[in-house]
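*Asks:* Take this structure, written in structure tokens, and hold onto it; I'll ask about it next.
We did not get these values from a lab; they are worked out from the coordinates using the rules stated. Owing to the predicted nature of the structure, the values given are computational and were not obtained by experimental measurement. Ideal geometry is used to build each Cβ from the backbone, glycine not excepted, and the neighbour counts take in all protein chains shown.
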Amino acid sequence: MTQRINYRQAAPEALKAMQGLQGYVNASGLDHSLLELVKTRASQINGCAYCLDMHTKDARAAGETEQRLYGLSAWCEAPYYTDRERAALAWCEAVTFVNQGHVPDEIYEEARKYFGEKEIIDLTMAVVAINGWNRLAIAFRTPAGSYKPAFPG
């Protein structure tokens, strides 16, 4: 697959806007490992090879286990995610699949058990951000495989 456009070079102001959103999410106070699980799960749903490569490497570098990364697509059946992580993953899926009937009240109520008002907004912004990054990487065919985490594990 050949890259269509290097959006980072062709539109640096667009990249700056996305980095602003990502910067907000990174500084939100949400746990880094939780954010990496959410980014990976949304990237699985969207089929973004570049983002899957990036976020699984970042998660591993931060200490995430192979078992939890491999089981992420079946998190509902896997016993090794906390209730808070499960609520975040359900929220991630509902927001990512918003075109399939909006975000159900049951998923919102479950998320509210584990996340305060600001946290659920921050979690939603994290899902918005990764869905945006996924769409950029997929639309312009950003090649996967060469990403190196900032902090190798």
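*Asks:* Just to confirm the filter: which GluC sites (Glu not before Pro) across segment 56-103 are DSSP coil and have at most 14 other Cβ within 10 angstrom of their Cβ? Provide the component values of the computation, followed by the final result.
*Replies:* Values: sites: GLU64, GLU66, GLU77, GLU85, GLU93; in loops: GLU64, GLU77.
Those satisfying the criteria are GLU77.
*Asks:* Compute the distance in nm between two label points, each set 7 Å from the Cα along the Cα-to-Cβ direction, one at LYS16 and one at LYS57.
*Replies:* Inter-label distance under the simple model: 2.7 nm.
*Asks:* Do any of LYS113/LYS148; LYS39/LYS113; LYS16/LYS39 go past 29 Å between their Cα atoms, and which?
*Replies:* On the way: LYS113/LYS148 36 Å; LYS39/LYS113 21 Å; LYS16/LYS39 19 Å.
Beyond 29 Å between Cα atoms: LYS113/LYS148.
*Asks:* Something else: Using the Cα gyration tensor of segment 98-153, with a ≥ b ≥ c the square roots of its eigenvalues, what is the shape: rounded (a/c below 1.5), prolate (a/b larger than b/c) or oblate (neither)? Spell out each step's value before the answer.
*Replies:* Values: a/c = 3.35, a/b = 1.65, b/c = 2.03.
Cα axes put segment 98-153 in the oblate bin.
*Asks:* Each residue of segment 104-116 in turn: what ³J(HN,Hα) in whole Hz from Karplus with 6.51, -1.76, 1.60 and θ = phi - 60°, glycine and Pro shown as x?
*Replies:* Values per residue, Gly and Pro as x: x, 4, 4, 6, 4, 4, 5, 4, 5, 5, 10, 10, x Hz.
*Asks:* Which far-off residues, 5 or more places away or on another chain, put their amide H under 5 Å from the one on ARG141, with H placed in the peptide plane?
*Replies:* ARG4
*Asks:* Could I ask something else about it? So for ILE107, ILE121, ILE130, fewest C-beta neighbours within 10 Å to most, what's the order?
*Replies:* Details: ILE107 16, ILE121 12, ILE130 26.
By the 10 Å Cβ count, ascending, the order reads ILE121, ILE107, ILE130.
*Asks:* With θ set to phi - 60°, apply the Karplus curve 6.51 cos²θ - 1.76 cosθ + 1.60 along segment 9-22 and write out the HN-Hα couplings as whole Hz, x wherever there is a Gly or Pro.
*Replies:* Values, residue by residue: 7, 6, 9, x, 6, 5, 4, 4, 5, 5, 5, x, 4, 5 Hz.
*Asks:* Would you kindly derive the ³J(HN,Hα) couplings of segment 127-135 from the backbone phi angles with the Karplus curve 6.51 cos²θ - 1.76 cosθ + 1.60 (θ = phi - 60°), listing them in order in whole Hz, with x for Gly and Pro?
*Replies:* These are the phi-based 3J(HN,Hα) values: 5, 4, 4, 5, 5, x, 4, 4, 5 Hz.
*Asks:* Between ARG112 and ASN26, what is 0.36 nm times their sequence separation minus the Cα-Cα distance? Round to one decimal in nm.
*Replies:* Extra length available between ARG112 and ASN26 comes to 28.9 nm.
*Asks:* Check the cysteines of the chain one by one and keep only those with no other cysteine Cβ under 4.7 Å from their own.
*Replies:* CYS76, CYS92 - these cysteines have no disulfide-compatible partner (Cβ-Cβ under 4.7 Å) in the chain.
*Asks:* Could you tell me the distance between the Cα centroids of segment 39-58 and segment 87-153, to the nearest Å?
*Replies:* That distance is 11 Å.
*Asks:* Would you kindly work out the equivalent ellipsoid of segment 36-153 from its C-alpha gyration tensor and give its semi-axes, the square roots of five times the eigenvalues, largest first in whole Å? Before the final figure, lay out the partial values.
*Replies:* Values: eigenvalues 108, 61, 31 Å².
Ellipsoid semi-axes (Å, largest first): 23, 18, 13.
*Asks:* Suppose R0 equals 35 Å; then what is the FRET efficiency for MET125 and MET1 from their Cβ-Cβ distance, rounded to the nearest 0.05? Let's see the in-between values first.
*Replies:* On the way: r = 30 Å, r/R0 = 0.84.
About 0.75, to the nearest 0.05.
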